[in-house]
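Note sheet for the following structure.
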Amino acid sequence: MADQDDARHSRLRRQLLMGMAAAPLAGLLPKVAFAQAPATSAVNTTGLAVTDTEVTVGILHSATGTMAISETGSIQAEKLAIEQINAAGGVLGRKIKYIQEDGASDWPTFAEKAKKLLVQDKVAAIMGCWTSASRKAALPVIEQYNGMLYYPTFYEGLEQSKNVIYTGQEATQQILESLNWVVREKGAKTFYFIGSDYIWPRTSNKIARKHIENFMKGTKVVGEEYFPLGHTQFNSVINKLKLTKPDVIFTDVVGGSNVAFYKQLKAAGINLEKQTLMTISVTEDEIDGIGGENIAGAYSCMKYFQSLENENNKEFVAAFKKMWGEKTVIGDVTQAAYLGPWLWKLAAEKAGSFDVDKIAAASPGIEFTKAPEGYVKVHENHHLWSKTRVGLAQKDGQFKVVYESPELIEPNPFPKGYQ
Amino acid sequence: MTRAPSFMDRKDLLALAAVAALLLIVFPLALDGFRLNLVGKYLTYAFVAVGLVMCWGYGGILSLGQGLFFGLGGYGMAMYLKLEASSVENTKIQSTPGIPDFMDWNQLTELPWFWHPFHSFPLTLILIVLVPAAFALLIGSAMFKRRVSGVYFAIITQALAAIATILIIGQQGYTGGVNGITDLRTLMGWDIRTDSAKFILYFVNAILLMGVICCALFVRSSKLGRILVAMREKEDRVRFSGYSVANFQIFVFCLGAVFAAIGGAMFTLQVGFMSPSLVGIVPSIEMVIFTAVGGRLSIFGAVYGTLLVNFAKTSLSESFPELWLLGLGGLFIAVVLFFPNGLAGIWRDYVQPSIDRVFRLRSKDPTDPGQNVAKQAASMPAE
């Protein structure tokens, strides 16, 4: 089975050796924990992979293929969360063991591996999927075999399932507050939309357009263009930008296309210090590829930035870098992936069971106060209440948080008036 | 000698029996439901691989765009299943109930015209075969009549596969875009997601594959098959002999397209969705790899090659989620370097001779093995 890589083994070994000094004391702790552990027959009535000492979960992301660059952060965050939960005594007195499967950036493979994890391995939960396409492929399987999926990516909404907890933002959570902010702060009147051509940018832009046209005064969309995934020639749209001179360029270009887009913007003489650009698709991970100097001055709307100033986040960033190296950066989705195992643990403990039905029922109302983004709460609709933030991209590849919504924003995957 | 249909010699019959035993008896007995369903999925690629053996191995036409036809078949079936899953009752939360969910997300308010035929199952079945055949006819006529062949043809088919993907992704209101057509549930009221349905579909799939193999064997042994081989070896001589080379090429290309489309339709039924990631360049080339590993001159080799590569893919990726692609790459390099005729070549050069030797010792009949060798030479022409 897939296990952690060697670097982590040696680090773990070192930590174990150091911990030997405290062995007599540490020896007592798990015993206490196990003494409290409820009987397996009580916490597992549906035949999941739960023993008296262990519970198995699945990690299902693309470790290979075009999406690997994006999904690696999520894998790392989930492994970190699992290790931390185990160090703190596990879930219902049981250590979490994980089985990692590779979705290989291929949607049918996600369906196949999800089925393998549920049918063969009987995992109690799956942390996984990234793109909407991979989720759409795996979801029927997960619903059929009654699994539990923790899905980390911000996405287009229009979905709600008993078998999924959406730890990222749905579209309205990400977009509306930040549009209000840019109109209020920058006096923006005209918007130009540029996106990659698939369901998420199209739906996000649809919501943004409705908001601009119907819910704000005196604002309008002056252009909207889509490019195939992986597109790298943006000169024609950049010329149109120069002609129309929109107050705000609003982009949801994803993946490698970003690199070409921002470099060509800069080469065409569009200075992001003067031209307001707002993106909902660039996190610290993408800047790694784009280069801080090419995107400095752009605004990004996310719920999490690595630079957030709070105690939870400082601990999280330190632990993440300790486990995965100083050079790693942490983007919005990575943080959302980190929430998955924790929210599952809290739900299992609230339900007093690993049964999927009971966890699904117990999830609404779960609060996680140690979340790096501050505080999150699971809504009735299985999405999270969370804040929206606007970050200003810096040359060093980090964001400076310039706005934070005062309240948690309610998730609304089927927004009325935006359809 | 066993009585066999005229288009099969004894060796073919044995090979067919071996495949039948493997698919219909050994796999269902040895594998659990999940693995059996996986094999079912692999076998849908074998339809394409058998088609490629005919096109590429016998006709000498390398198509790098078979994913297009696989996709046409798969999407045809998916459209039917999606319409059935999108009853007004199931979709009442949408702004326009009764149309597929992704259309609703893309502000479509009525079903596009080309979806309407897919309300009917018999019509869907006909279209699954007819549409790819028509496409292949169109492409084939445009190419072969102008004597486009070889590398140029391969590149054009590859471009067609790429265009199909871009079209599907771009027209997401009509096609489901990158996500594909997902969440398919029932076939004329029969829930295809249950384990028993998967079991039945596996057998339907395996039997259809046997049918396709027989069809390929029939074509190969007919006069048509000889002309195909002759054409591959020396196109001009066949032309000068008075044959219309283009028509034969178009025919075999259409045949490969129809095989691929049947595979695509079975894929949708067994996996439960269809997406553009099965249409584009990468899957098209993968299918050529399956054929190459099996041996491009061997109809049965195509089935074994597909199974082997996909088994390797699944088991390597389960055991080494971060390194498996390297292992798979190594496998391909090894095959190309050491066994250019694939599994069928290994069989013919190493296994078959020793079996023959054993039989020759046993039977001590000098005429029979000689006949076999002669037949083999006839049915497996040298490159």
Quick check: the angle from helix B:299-319's long axis to the longest principal axis of chain B, C-alpha only, nearest 10 degrees? 60 degrees
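Return a whole-number percent for the relative contact order of chain A, with Cα pairs under 8 Å and 6 or more residues apart as the contact set. Can you show the working numbers first?
Values: 815 pairs, mean separation 73.6, N = 419.
Once divided by the residue count of chain A, the mean separation gives 18 percent.
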For chain A, longest principal axis from Cα atoms; helix A:235-244 axis from its Cα atoms; angle between them, nearest 10 degrees, is 60 degrees
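Report, as an integer, the average count of C-beta atoms from other chains found within 10 Å of each Cβ along B:313-324. Write out the running numbers ahead of the final one.
Details: counts 2, 4, 0, 1, 10, 10, 2, 4, 17, 9, 4, 5.
Partner-chain Cβ atoms within 10 Å, mean over residues of B:313-324: 6.
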For the protein assembly as shown, rounded, prolate or oblate, judged on the Cα gyration tensor with a ≥ b ≥ c (square roots of eigenvalues), a/c < 1.5 rounded, else prolate if a/b > b/c? prolate
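Which value at 222 nm does chain B reach when only helices count, each DSSP H run of 4 or more adding -39,500 (n - 2.57), with the total divided by all residues and rounded to the nearest 500 deg cm²/dmol? Before the final figure, lay out the partial values.
Working: 18 runs with 261 residues, N = 383.
Value at 222 nm, helices only, nearest 500: -22000 deg cm²/dmol.
How far, in nm, would the chain grow between A:LYS245 and A:GLU224 when pulled straight, counting 0.36 nm per residue and subtracting the alpha carbon separation?
Values: separation 21, 0.36 × 21 = 7.56 nm, distance 1.34 nm.
Residue separation times 0.36 nm, minus the Cα-Cα distance, leaves 6.2 nm.
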Helix A:257-267 vs. chain A, principal-axis angle (Cα, 0 to 90°, nearest 10): 40 degrees
Along the Cα-to-Cβ line of A:GLN419, 7 Å from the Cα, sits a label point; which residues in segment A:155-187 have backbone N less than 15 Å from it? A:157-160
Among A:GLY292, A:GLY47, A:GLY340, which one moves the most in a GNM of chain A with springs linking Cα atoms closer than 10 Å? A:GLY47
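Would you calculate, for chain A, the mean residue ellipticity at 222 nm contributed by helices, counting each DSSP H stretch of 4 or more residues as -39,500 (n - 2.57) and dividing by all residues, to the nearest 500?
On the way: 15 runs with 175 residues, N = 419.
Calculated from helices alone, the mean residue ellipticity at 222 nm is -13000 deg cm²/dmol.
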Listed by chain and number, the residues whose amide H is under 5 Å from that of A:VAL91, excluding neighbours fewer than 5 places away on the same chain and using placed H, are A:ILE96
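Could you work out the relative contact order of segment A:278-359, using alpha carbon pairs under 8 angstrom and six or more residues apart, expressed as a whole percent?
On the way: 54 pairs, mean separation 23.6, N = 82.
For segment A:278-359, the relative contact order is 29 percent.
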Using the beta-carbon distance between A:ALA268 and A:GLU326 and R0 = 51 Å, what value does 1/(1 + (r/R0)^6) give for FRET efficiency, to the nearest 0.05? 0.90
Calculated FRET efficiency for the pair B:LEU361/B:SER315, C-beta based, R₀ 30 Å, to 0.05: 0.20
State, as an integer percentage, the relative contact order of chain B based on alpha-carbon contacts under 8 Å between residues 6 or more apart. 30 percent
Give, in nm to one decimal, the length gained when the segment between B:ILE155 and B:LYS223 is fully stretched (0.36 nm per residue of separation minus the Cα-Cα distance). 21.5 nm
Listed peptides A:403-411, A:374-382, B:29-37 by packing density, highest first (mean Cβ within 10 Å): A:374-382, A:403-411, B:29-37
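Report, as an integer, the average count of C-beta atoms from other chains found within 10 Å of each Cβ along B:31-42. Can you show the working numbers first?
On the way: counts 0, 2, 2, 7, 3, 0, 3, 3, 0, 0, 3, 0.
Across B:31-42, the average partner-chain Cβ count within 10 Å equals 2.
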Consider a paramagnetic label point 7 Å from the Cα of B:LEU125 along Cα→Cβ; state which residues of segment B:246-275 have an amide N under 17 Å from it. B:259, B:261-270
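Taking beta carbons within 10 Å but only from partner chains, what does the mean come to for residues A:103-114? Each step should come with its number before you reach the end.
Values: counts 2, 5, 2, 5, 11, 11, 4, 0, 6, 7, 4, 0.
Mean number of neighbouring Cβ atoms from other chains: 5.
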Gaussian network model of chain A, Cα springs within a sub-10 Å range: biggest mean-square fluctuation belongs to which of A:LEU243, A:LEU308, A:LEU118? A:LEU243
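Every number here is computed from the coordinates shown, using simple stated rules; none is lab data. Here the structure is a predicted model, which means the values were calculated and not measured. Reconstructed Cβ throughout: ideal geometry from the backbone, glycine too, with neighbour counts over all protein chains shown.
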